[in-house]
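The values are calculated or read from the model by the stated rules, or taken from the named source; none is laboratory data. What you see is a predicted model; the values in this text were computed from it and never measured. All Cβ positions, glycine included, derive from the backbone under ideal geometry; neighbour counts span all protein chains shown. Side chains are part of the model used for accessible areas, which takes the heavy atoms of the whole protein and leaves out ligands, DNA and RNA. Shrake-Rupley method; radii C 1.70, N 1.55, O 1.52, S 1.80 Å.
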Amino acid sequence: MAASVSSWIEVSEARLQANFRVLVEAAGAETDVLAVVKANAYEHGAEVCSVALARAGAQWFGVAEVAEGVRVRRALDAAGFADARILVMLGATSTDVAAMAGAGLIPVVWTGRQVQLLGQSAKRVHLEVDTGMGRQGVRPGAELDAVLDQIAAAGLELDGVMTHFCAAEVAGSAKTRDQERQFAQAVAQVQSKGFAPKWVHAGSSSSVDDPQRDTMWLAELAKTVGARAMVRTGIALYGYCLPIEGEAGARIRGELQPVMTWKTRVLNVREGVVGETIGYNATFTAEKPMRLALMPVGYSDGLRRELSSTNAKPGGWVMIRGERAAIVGRISMNLTMVDVSAIEGARGGDEVVVLGDGVTADDHARIAGTISYEILCGVRGGTAKDL
């Protein structure tokens, strides 16, 4: 438990490891699972989560940037997992190539310039192919041939080939099927140029969750080049997964458990008088006697302002003494009021669950009109520590 001034985050190692095991089983024996720990492990604490996942058997970790990878490497080395592989999914810049090499990180590349920048600093790379995401990656065809030629000229080992799906949350998506076809063609193109990658990877948490998908297609594709298949899972590790549009059911979502608990403490409890307004712009007026608890968290800590309430529109809630306490009025930068009228004995110093059992990131996301990813990544509750 590592406290900031106003709140703290607790991370359950047991739940994190259980979620990883669910993903491993769902992915199948012929497909490995890369644990995505970018964005500070979705604000769960990258170092803590990486070590916990390594203890559960994870051998691959995905970060966004080199600096993240260096921190994860140090944590894994200190815990005795020096053989862990860390993939830098945004590649390396000229300012951090040396740090990348020193930490033994594996960069993703997709342009000739990136290959030239690496020089002899990287022994191996993973090549991303753009099959329809339209974001990062080399296009199949002439562009792919050119980058492959530069990888060969630089003497780099092409350790893996990857792509990323843009419609993984749509069951039976024609777009995803088209991306699969394009990726298979790209892998064949890579092989035709004399490369034999050890890893072929695509897919995310949603790809594993979709019960209509044949997860063996990736393993079969990998076999064509004598490689191992791999999926890159992020949000599901932490207990969440976006709904699959048009699905008949979910493969893993019901088995996942939220890993993060975000907590604070009540500053004080006051009596609300009938007719008294609460918060900025007086958007809530007490229509009956109330007991109101003040919490030292607000939107600067990641508690979304969209969770505010008015008399006509309910907002979010927190958990105090195992019961719901509704947010009252507008959430401020550092302070939030909640209704504890029905919670017997509520008082200053009581522990408050802002996010966790009883109030999930999905709950926050539904009210705020966003996704659980953004809710989790927005939490600023201090540095997480394993419990």
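The table below gives the values:
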{"item": "Positions within segment 327-337 being in a loop (DSSP other than H, G, I, E, B) and closer than 12 Å to SER309 by Cβ, in sequence order", "result": "GLY329, ARG330, ILE331"}
{"item": "Among the residues listed as ASP386, ASP363, the single one being open to solvent by 10 Å² or more (accessible area, probe 1.4 Å), modelled with pLDDT of 95 or more and either out of contact with any Ser or Thr (no Cβ under 7 Å at 6 or more places or on another chain) or under 22 Å from GLY279 (Cα atoms) (or both)", "result": "ASP363"}
{"item": "Cross-chain or 6+ apart pairs with Cβ under 6 Å, segment 252-279 first and under 22 Å from LEU16 (Cα atoms), then open to solvent by 50 Å² or more (accessible area, probe 1.4 Å) and basic (Lys, Arg)", "result": "GLN257/ARG15; VAL259/ARG15"}
{"item": "Those residues of segment 295-326 which are of a type outside the set (D, E, K, R), in a loop (DSSP other than H, G, I, E, B), open to solvent by 20 Å² or more (accessible area, probe 1.4 Å) and touching a residue at least 24 places away in the same chain (Cβ under 8 Å), in sequence order", "result": "PRO296, THR310, ASN311, GLY322"}
{"item": "Condition broken by MET333, with the remaining ones in (1) buried (at least 17 other Cβ atoms within 10 Å of the Cβ); (2) touching a helix residue (DSSP H, G or I) at 6+ places or on another chain (Cβ under 6 Å) satisfied", "result": "(1)"}
{"item": "Considering residues of segment 87-108 that are out of contact with any Gly (no Cβ under 6 Å at 6 or more places or on another chain) and within 22 Å of VAL190 (Cβ to Cβ) only, the residue modelled with the highest pLDDT", "result": "ILE106"}
{"item": "Yes/no for LEU292 being in contact (Cβ under 8 Å) with a residue 60 or more places away in the chain and more than 22 Å from CYS377 (Cα to Cα)", "result": "no"}
{"item": "3 or more residues crowded, with 19+ Cβ neighbours inside 10 Å and touching a residue at least 40 places away in the same chain (Cβ under 8 Å): qualifying helices (runs of 4 or more DSSP H) within segment 1-107", "result": "13-27, 38-43, 46-55"}
{"item": "Any hit, segment 163-176, residues being at pLDDT 90 or above and either open to solvent by 10 Å² or more (accessible area, probe 1.4 Å) or not in a helix (DSSP H, G or I) (or both)", "result": "yes"}
